[in-house]
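**Student:** The structure that follows is given in the form of structure tokens.
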Amino acid sequence: MTEAVTPPIPPSPLDPLGPPPEKTTAADFRDGAAVTLAVGVAGLLLGALWVWLAPRVQYVSNGEAVFLRNSESEARIGSDGTFFLLAAGLGLLSAVGTFLWRRRGGVPLVIGLAVGSGFAALVGWRFGLWLGPSSDLAAAAQKAGKGVPFDAPLQLLAHGALLAWPMVAVLAHLGLTALWTPGDPAPAADRPGVYPPPHVHATPAPPETPRP
């Protein structure tokens, strides 16, 4: 008497008896901390570029008070726009760099990128204010002299621009991970070369009838 033998079926990743999902390790947390530190330090670059590229607002003094040299100037809005565009561009670069460094992604890496990006935006803002023209208008007007225009300190009127870096960085990194990170292996039923599928069971051959 012969019996139909069903070949062993590899466990499916979706099967509760299959291999457990990968767990977050200490190395993942170290990678997240490294990303936080590296991206946070990059905020100094944002501040330097902001001071270099932002349009300047100029004041002029009549000896008694300080006035805007051009009251219709859009330089104040341009300063905010420059900060926003620089932060968004650096957010995209930090996302690409993080993805190329650790393609597998992971929750600690995304958290590190978000925290580092938020800190970098704050660092860039404060560093730009410190690096730019003095905020002491009286001293600057006295130094420039009566009727001589001088640069006003940088200002970020739209504080929502501080969110540009972390938002762009996280969204871009998630998009890159979704597009180019290998997905989970397909279940055994969908993989070629596995026969029969898990939901098909071979029917055993009927027992032989003894001859009289």
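The values are calculated or read from the model by the stated rules, or taken from the named source; none is laboratory data. Computed from a predicted model, the values in this text were never measured in an experiment. Every residue, glycine among them, receives a Cβ derived from its backbone with ideal geometry; neighbour counts consider all protein chains shown. Heavy atoms of the whole protein, side chains included, go into the accessibility calculation; ligands, DNA and RNA do not. Shrake-Rupley method; radii C 1.70, N 1.55, O 1.52, S 1.80 Å.
**Student:** Looking only at the range 134-154, filter to residues that are touching a helix residue (DSSP H, G or I) at 6+ places or on another chain (Cβ under 6 Å) and crowded, with 17+ Cβ neighbours inside 10 Å; which one of those is farthest from D80 (Cα to Cα)?
**Tutor:** First pass over the range 134-154, keeping only residues touching a helix residue (DSSP H, G or I) at 6+ places or on another chain (Cβ under 6 Å): 134, 150, 154.
Next, only the ones that are crowded, with 17+ Cβ neighbours inside 10 Å stay: 150, 154.
Details: F150: 20, L154: 9 Å.
Filtering the range 134-154 for residues that are touching a helix residue (DSSP H, G or I) at 6+ places or on another chain (Cβ under 6 Å) and crowded, with 17+ Cβ neighbours inside 10 Å, the one farthest from D80 (Cα to Cα) comes out as F150.
**Student:** Could you say which residue among L85, L44 is under 30 Å from A138 (Cα atoms), at pLDDT 90 or above, open to solvent by 40 Å² or more (accessible area, probe 1.4 Å) and more than 12 Å from the chain's Cα centre (by Cα)? Walk me through how you get there before you give the answer.
**Tutor:** Working: L85 fails: under 30 Å from A138 (Cα atoms).
Matching residue, one of L85, L44: L44.
**Student:** Still on this structure: Regarding the range 143-160, can at least one residue be identified that is assigned to a helix (DSSP H, G or I), within 23 Å of V41 (Cα to Cα) and either in contact (Cβ under 8 Å) with a residue 12 or more places away in the chain or under 26 Å from the mean Cα position of the chain (by Cα) (or both)? So that I can check it myself, show each step before the final result.
**Tutor:** Residues of the range 143-160 assigned to a helix (DSSP H, G or I): 143-144, 159-160.
Next, from what is left, pick out any that are within 23 Å of V41 (Cα to Cα): 159-160.
Pick out the ones that are also either in contact (Cβ under 8 Å) with a residue 12 or more places away in the chain or under 26 Å from the mean Cα position of the chain (by Cα) (or both) and you get 159-160.
Among the residues of the range 143-160, at least one is assigned to a helix (DSSP H, G or I), within 23 Å of V41 (Cα to Cα) and either in contact (Cβ under 8 Å) with a residue 12 or more places away in the chain or under 26 Å from the mean Cα position of the chain (by Cα) (or both), which makes the answer yes.
**Student:** Something else: Of these, L131, L179, L157, which one is aliphatic (A, V, I, L, M), within 30 Å of S61 (Cα to Cα) and open to solvent by 80 Å² or more (accessible area, probe 1.4 Å)?
**Tutor:** On the way: L131 fails: open to solvent by 80 Å² or more (accessible area, probe 1.4 Å); L179 fails: within 30 Å of S61 (Cα to Cα).
Only one candidate passes the filter, namely L157.
**Student:** Being among the small types (G, A, S), within 30 Å of R30 (Cβ to Cβ), modelled with pLDDT under 85 and open to solvent by less than 30 Å² (accessible area, probe 1.4 Å): is that true of G105 here?
**Tutor:** Working: among the small types (G, A, S): yes; within 30 Å of R30 (Cβ to Cβ): yes; modelled with pLDDT under 85: yes; open to solvent by less than 30 Å² (accessible area, probe 1.4 Å): yes.
Spelling it out, G105 is indeed among the small types (G, A, S), within 30 Å of R30 (Cβ to Cβ), modelled with pLDDT under 85 and open to solvent by less than 30 Å² (accessible area, probe 1.4 Å).
**Student:** Would you confirm whether any residue within the range 62-80 is touching a helix residue (DSSP H, G or I) at 6+ places or on another chain (Cβ under 6 Å) and at pLDDT below 85?
**Tutor:** yes
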